[in-house]
Amino acid sequence: MFLKPDYNLKNIYEINLEELKSRGIKNILFDLDSTLMQSKTANYTQKTLEWLSEVRRDFFIAVLSNNHNDKYIAKVKQVTDFPMIFYAKKPDTRKASEFLKEHNLKTSETAIVGDRPLSDIWCGKRLGCLTILVDSISADVEKPIVRLARRLERLAIKK
């Protein structure tokens, strides 16, 4: 099924980096909101910063976000020191494809990590990348309606 991720994990911290390396993955494109940081906060937790530092030892990393709020984007750029693509319009692949070409990255060596099957995973599948679905990094504080929407969206990948 086109929405079924290669990996379905609780959060980014469960990603087995050694396994990715053994599969030939050299690049990881992360969704931003709810994947690397709590949505709309423009802040990484210390735990995430330390984990990203570990990831960067062996992988090229970047953010691939649908966010289009210029004020928010400016705040995120102040706390991020790796490449970021905004206005991505996932599951559309144009922005991601342009970024991959610009940085000479092969889809066969790239993983897409995100919290949404209908945008992140679908985009990754369309590109031909390895896909990793994670639950929201802030699942414990999300509103009940958001949790319900996430459960409903994930029904599409259980078949």
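The values are calculated or read from the model by the stated rules, or taken from the named source; none is laboratory data. Remember, it's a predicted structure, so these values are computed and weren't measured experimentally. Here Cβ is always computed from backbone atoms with ideal geometry, including for glycine, and neighbour counts include all displayed protein chains. Heads up: the accessible areas ignore ligands, DNA and RNA and are worked out on the full protein's heavy atoms, side chains in. Shrake-Rupley method; radii C 1.70, N 1.55, O 1.52, S 1.80 Å.
Output the residues belonging to segment 2-19 that are part of a helix (DSSP H, G or I) and within 15 Å of the chain's Cα centre (by Cα). Result: Ile12, Tyr13, Glu14, Leu17.
Exactly one residue among Lys90, Lys101, Lys77 is more than 23 Å from Thr41 (Cβ to Cβ) and among the charged types (D, E, K, R), and that residue is Lys101.
Taken over segment 46-77, the residue count meeting the criterion of being more than 16 Å from Tyr87 (Cα to Cα), in contact (Cβ under 8 Å) with a residue 40 or more places away in the chain and either assigned to a loop (DSSP other than H, G, I, E, B) or open to solvent by 80 Å² or more (accessible area, probe 1.4 Å) (or both) is 2. When segment 21-44 is limited to residues that are more than 20 Å from Ala96 (Cα to Cα) and at pLDDT 95 or above, the one that is surrounded by the fewest Cβ atoms within 10 Å (Cβ to Cβ) turns out to be Ser22. Test of understanding: among Ala96, Ala74, which residue is modelled with pLDDT of 95 or more and over 19 Å from Asn27 (Cα atoms)? Matching residue, one of Ala96, Ala74: Ala74.
Cβ-Cβ contacts under 6 Å between residues 6 or more apart (or on different chains), taken from a first residue in segment 116-145 that is farther than 14 Å from Lys90 by Cα and among the aliphatic types (A, V, I, L, M) to a second residue that is at pLDDT 85 or above and in a helix (DSSP H, G or I), are listed as Leu133/Ile121; Val134/Ile12.
The single condition among (1) at pLDDT 95 or above; (2) closer than 16 Å to Gly114 by Cα that Leu9 does not satisfy is (1). Residue count for segment 108-159 satisfying the condition of being small (Gly, Ala, Ser), in a helix (DSSP H, G or I) and modelled with pLDDT of 70 or more: 3.
For segment 85-123, the set of residues classified as open to solvent by less than 40 Å² (accessible area, probe 1.4 Å) and aliphatic (A, V, I, L, M) consists of Ile85, Ala88, Ala96, Leu100, Leu105, Ala111, Ile112, Val113, Ile121, listed by residue number.
Apart from one condition, Asp81 fits all of (1) touching a residue at least 24 places away in the same chain (Cβ under 8 Å); (2) open to solvent by 40 Å² or more (accessible area, probe 1.4 Å); (3) not basic (Lys, Arg); the exception is (1).
Per the listing Ile85, Ile121, Ile132, the residue uniquely within 19 Å of Asn27 (Cβ to Cβ) and in contact with a Lys or Arg (Cβ under 6 Å, 6 or more places away or on another chain) is Ile85.
Output yes when any residue across segment 87-97 is assigned to a strand (DSSP E or B), closer than 14 Å to Ile112 by Cα and of a type outside the set (D, E, K, R), and no when none is. Within segment 87-97, none of the residues are assigned to a strand (DSSP E or B), closer than 14 Å to Ile112 by Cα and of a type outside the set (D, E, K, R).
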